[in-house]
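Here is the structure we will look at.
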Amino acid sequence: MPGRLVILDRDGVINQDSDDFIKSPDEWVPLPGSLEAIGKLSAAGFDVAVATNQSGIGRKLLDEPSLELIHRKMRDAARQFGGDIGKIAYCPHHPDAGCDCRKPQPGLLLQLSRKYGVSLDHVPFIGDSDRDIEAAMAAGARPMLVRTGNGAAAESTIRSRGLDVEVFEDLAEAVEVLIAETGPG
């Protein structure tokens, strides 16, 4: 069924995050259960896209060909579980660049909305930071937070701001809820 889109943040949701940035395919390590969860989304008929800040490029810690190799590894790893990761929208800019694509700005999500030809109304965006939640809200998407990566700290910040956001232990739990809500593809 086309049009069932789920957008995922990358670092801290699909793979382990690093304060030193993920700069090579060897440093990309999937979180337990995340690849299986992507496989379940694909099997249920969801289009899976990724929206990720990659300021390591703007900081000159990696280049775009290296990022492409990391994303190839991620896509190949997801395919082993029946997962199909479609469009990956990323912001390569330094945090001080003032662009409209770096989350919490909604630019990456809006790019994906145009790419897939769907409104973001009710489209889940699953992230692990308050930046992800803010981007989802600014784009009109459905914000969902996982406690992996930076999610536990972000949950505290979000709750202190009085935001009503769905929170899950990890991507696998969030995916189970989405599939239960919508049924198989």
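The values are calculated or read from the model by the stated rules, or taken from the named source; none is laboratory data. No experiment lies behind these values; they were computed from the predicted model shown. As a convention, Cβ positions derive from the backbone with ideal geometry for all residues, glycine included, and neighbour counts pool all protein chains shown. These area figures cover heavy atoms from the full protein model, side chains too; ligands, DNA and RNA do not enter into them. Shrake-Rupley method; radii C 1.70, N 1.55, O 1.52, S 1.80 Å.
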Mean-square fluctuation maximum in Gaussian network of the chain, Cα pairs under 10 Å, restricted to Asp17, Asp132, Asp63, hits Asp63
The chain - percent of accessible surface contributed by carbon and sulfur, probe 1.4 Å: 49 percent
Computed label-point distance, nm, for sites Arg72 and Asp121 using a 7 Å Cα→Cβ extension: 4.1 nm
List the relative contact order of the chain as a percent without decimals, with contacts defined as Cα pairs under 8 Å and 6+ residues apart. 25 percent
Do any cysteines in the chain lack another Cys Cβ under 4.7 Å, and if so which? Cys99
Trypsin sites (Lys or Arg not before Pro) lying in DSSP loop within the range 39-73, provided at most 16 other Cβ fall within 10 Å: Arg59, Lys60
Spin-label pair Asp19/Arg159, simplified geometry with 7 Å Cα→Cβ offset, distance in nm: 2.4 nm
Probe 1.4 Å, all protein chains in place: accessible area of Glu134 in Å², nearest 10? 60 Å²
Specify which residue in the list Gly86, Asn150, Val123 is farthest towards the positive end of the charge dipole of the range 50-150, using unit charges on the beta carbon of Lys, Arg (+1) and Asp, Glu (-1), about the Cα centre. Gly86
Residue separation times 0.36 nm, minus the C-alpha to C-alpha distance between Leu61 and Glu166: what's the value? 34.4 nm
Taking only protein heavy atoms into account and a 1.4 Å probe, give the accessible area per residue of the range 31-185 in Å². 45 Å²
What number, in nm² with one decimal, is the all-direction average of the projected area of the convex hull of the alpha-carbon atoms of the chain? 9.5 nm²
